[in-house]
Structures are given as structure tokens and as C-alpha cells.
Amino acid sequence: MAETGQSAAWQLSDGELAAAICASEKTMRVAYMQHLELVAEADQRGLGPATGARDTAAFLVGSQRISWEDARARVAIATTDLPGVRAALAAGEIGPAHAVEIVKVLRQTPPTVSPEQVAAHEQTLLEPARQAIPSTVRKAGQRLLGYWDLDGTEPRDREEELARPRREFRYSWTRDGRMKFSGEFDSEAGQLAEGLFVPLARPDPADEHGNPDPRTMAERQGDAVAAIFDLAARAENLPVRAGERAVATVTIPYADLLRDAGLVSLDGGETLTVSQLRRLLCDAKVYPAVLGGDGQVLDLGRSARTATSAQRRALAIRDKGCTRPGCPRGPKWTTPHHVIFWAAQGGETNLDDLALVCERCHQLIHHGGWDIELRHGVVYWIPPEWLDRRRIPARNTAHDPPRRQAA
């Protein structure tokens, strides 16, 4: 029989194959609802305990060899009085995962909600279930739960809760200098945070060799949060400490700064490598205390080496965003990077020695073996030898406007 089905499938056109897949999915959904009717009857009879199982879910796990999550979901859908969900399943309009999301929400209905309102809310959730994937139904359900929480709260208590939203952030430092954190946001702050880092956490386009972004979802989201912090650190209205914005003073021999070697110490006791310091000095609010051979202070706090507002505007027009090939980050997510390190060329900060880079791509220049150069106002990135043995320079075309097609 299997060979016959496979034999028939390969003869179908693309349109016929697509239609057959849709039809078979509908058949499975209808069969699933028929299965749930049997589960409902089994639960009503107490078939689980009668066969030696603890309950109906345990009976399903033992007899059908399914997961506990799946078994509990089947029992929940089968035993919840939601005629709209059952009808939609029986018609093949929604799948089991849609039904699970709807049942999860409606089982949390407050006692103040009338049966008529429950039926209306069921239809409200069925609309996206018929049109979209289960996660969309979940989001609609979360909005409904939030509505119930507010609607069931006394106005005065509601305003007090909104005036003092629950926002927690806890962090600690590991022995190797990494920050670990946890916490939670209220819905409004959470939506704001998600709206910021979701676009920034999208995978990078495939490189010129067709390789996809190697970062995991968690790594991409971590890079996104770091980019948001980097943007906030450059805001004009940052809090000040002792009359200055958040700053640190570092002490380093001048020779080490030039040759990118050794370690440096911050005024708070933290230790950095020189390569980390050079990256921070591009635009961070760090004051270097550069020492000569006899320990005399050669340079302290020459903050003018960061780009001016006018220079930033000019760079935004010229570079249009991050200059690394393939990076889509716009100007506001970038900082000016010195093509030639300021300590090696007298501390000058000129447009013909600056290039815009985002926080993540900045790491590649200082720690990933990439180099950059400026040719006639265009920034080129030179890949490390392990990536391209010829080290052919490339420019970023992600910000270029679409070309007009000839008429």
C-alpha cells in the first residue's frame, strides 16, 4: 500500500501535490476530533482507573506511547466545554495546536465572565486560529488574559498597579568577568523591549560563500541587547556621576597601547586586554592615562578624539549605516571607528579616518582579524586570511538604493 501511495504521489503536478497535502491535513484534523470524542467518553467512564492507570492522561501515555504533554492536552481539549473549538476541529479548520492554545486561555476565565462572554471570546480566538499559526493565537490569548486582569481589578488598584509596574533586573559577575542576569518586565515594558531587539536579532544574510549566520537565537538576541545598551550609552541625557557621564580611567604604558599588547587596569580594578581598550576608545566614554617610560603622564582624558555631532551626521550621509559587507544596521546603531588608531597618528579625528560600524561588527575589527580601509570616501573591509586567503577587500552594498530599471 505504501509503495502504491508513493507511486501515485510522484505523478502529481505541483498544484495537485499541494492540494493533496492540504486535503490530507484536513483529514488528520477530522480524525483527531473523532479521537477526542473517544477520549472524552473514556474520561467520563473512568476508563483510566478501570484499567489500572491513574487517570485518563496516564492511560493515553501507557497505551498510545505519547508524551505526558500531549496526553494532558488531548484530555484538556476533550473535556472542556467549547463547542466552537470542537466544531472547528471536526471541520478540519484548525489543528490540535490551535485548540491547545485556545483551551489554555479559556480555562483561565475569571468567574466574573458570563457564559455568553466566554462564547464570544471563544469566537474571538477562533478567528486567528483559522487564519494563522498557533503562536499567533497564543499572542491573542495573552492580550485577552491581560484584558481580564485589568477588567477584574478595582479602578483604584488598577491605577496603583500601573503606576508601580513590576520590573525586576538582577545581575551578578562571574569569575571570568561575564555578567549573568535575570528578571522580568511588566507587559508594557516587555513589549517595548521585544519591539527593539526582535528586529536586531534577525539572522544576518548569508555570506558570499552561501554560509548562513552561525549564531544561535540566544546569541543573536544577546547581540541585540548589547546593541541597545551601546545605543543608550551614547544618549545625550545619560545620568552623570561626580559631574561627569559614566566614565572609566585606565592606566597603560604608551608602548603597549601602540603595539596592541599587554593588559590594562580600570580605576575600578577590572582588567582588560589592550585590544578591548582600543575598541572602547573608538567612542566609549573612557579616559586613558597613558604613561611614558618613567611613569610620567603623557595623556589624560583627551575626549575630543571622539567624533563630533557634525561628523556623525556626515558619516551617516556617507556610509548610510554599518560598513561591514552584508550588515543592514542603520546609522543610529553604529559608532565611528578610527581606520588608523588615534594613538598612532597623533590623536586626530577626521572624516577621512572614520567609518561607521555597529557594536557587533566592531568586535570583528578588534578581535576577529578584520581590517578596514578608506578609498575615495568608500569603506572597504578586508577579511582575515582564514576566511579568504587572498584577503580581497569588499564594501557594503546593503544600504544602496534600488537601481532604476531601464524603461
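Test Glu69 against the stated conditions and say whether it is farther than 28 Å from Trp148 by Cβ, among the acidic types (Asp, Glu) and either free of Cβ contacts under 8 Å to residues at least 12 places away in the same chain or in contact with a strand residue (DSSP E or B) (Cβ under 7 Å, 6 or more places away or on another chain) (or both).
So Glu69 fails the test.
Check His209 against each of (1) closer than 24 Å to Leu387 by Cβ; (2) surrounded by fewer than 11 Cβ atoms within 10 Å (Cβ to Cβ); (3) at pLDDT 80 or above and name the one condition it does not meet.
Only one criterion is unmet by His209, namely (3).
For region 193-216, give me the residue count where each residue is among the aliphatic types (A, V, I, L, M), assigned to a helix (DSSP H, G or I) and within 25 Å of Thr397 (Cα to Cα).
Qualifying residue count for the region: 3.
Yes/no per residue for (1) in a helix (DSSP H, G or I); (2) more than 26 Å from Leu106 (Cα to Cα); (3) of a type in the set (Ser, Thr, Tyr); (4) not assigned by TED's automatic domain parsing to the domain that holds Gly95:
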position: Cys22; (1), (2), (3), (4): yes, yes, no, no
position: Met28; (1), (2), (3), (4): yes, no, no, no
position: Tyr32; (1), (2), (3), (4): yes, no, yes, no
position: Ala40; (1), (2), (3), (4): yes, no, no, no
position: Gln44; (1), (2), (3), (4): yes, no, no, no
position: Pro49; (1), (2), (3), (4): yes, yes, no, no
position: Ala53; (1), (2), (3), (4): no, yes, no, no
position: Leu60; (1), (2), (3), (4): yes, no, no, no
position: Val75; (1), (2), (3), (4): yes, no, no, no
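Just for region 217-251: of the residues that are polar (S, T, N, Q) and surrounded by 10 or more Cβ atoms within 10 Å (Cβ to Cβ), which one is modelled with the highest pLDDT?
Among those residues, the one meeting the criterion is Gln221.
Residue pairs, Cβ under 7 Å, 6 or more apart or interchain, first in region 386-404 and on the phi > 0 side of the Ramachandran plot and assigned to a loop (DSSP other than H, G, I, E, B), second modelled with pLDDT of 85 or more and among the β-branched types (Val, Ile, Thr). List them.
Close Cβ pairs satisfying both conditions: Arg391/Ile382.
Output the residue which, of all residues in region 13-59 that are under 16 Å from Val75 (Cβ atoms) and of a type in the set (Ser, Thr, Tyr), is surrounded by the fewest Cβ atoms within 10 Å (Cβ to Cβ).
Thr51
Please list, ordered by residue number, the helices (runs of 4 or more DSSP H) wholly in region 85-192 having 1 or more residues that are crowded, with 16+ Cβ neighbours inside 10 Å and modelled with pLDDT under 85.
134-151
Every residue, every condition in (1) within 35 Å of the chain's Cα centre (by Cα); (2) at pLDDT below 95; (3) of a type outside the set (Gly, Ala, Ser), yes or no:
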{"position": "Asp14", "(1), (2), (3)": "no, yes, yes"}
{"position": "Ala18", "(1), (2), (3)": "yes, yes, no"}
{"position": "Cys22", "(1), (2), (3)": "yes, yes, yes"}
{"position": "Gly46", "(1), (2), (3)": "no, yes, no"}
{"position": "Ala50", "(1), (2), (3)": "no, yes, no"}
{"position": "Arg54", "(1), (2), (3)": "no, yes, yes"}
{"position": "Arg65", "(1), (2), (3)": "no, yes, yes"}
{"position": "Glu69", "(1), (2), (3)": "yes, yes, yes"}
{"position": "Arg72", "(1), (2), (3)": "yes, yes, yes"}
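Can you tell me how many residues in region 352-386 are at pLDDT below 85, surrounded by fewer than 16 Cβ atoms within 10 Å (Cβ to Cβ) and under 14 Å from Asp319 (Cβ atoms)?
1
Take region 387-407 and flag every residue that is modelled with pLDDT of 85 or more and over 14 Å from Pro325 (Cα atoms).
The one that is modelled with pLDDT of 85 or more and over 14 Å from Pro325 (Cα atoms): Arg390.
The values are calculated or read from the model by the stated rules, or taken from the named source; none is laboratory data. Because the structure is predicted, anything quoted here is derived from the model rather than measured. All Cβ positions, even for glycine, are placed from backbone atoms using ideal geometry, and neighbour counts span all protein chains on display.
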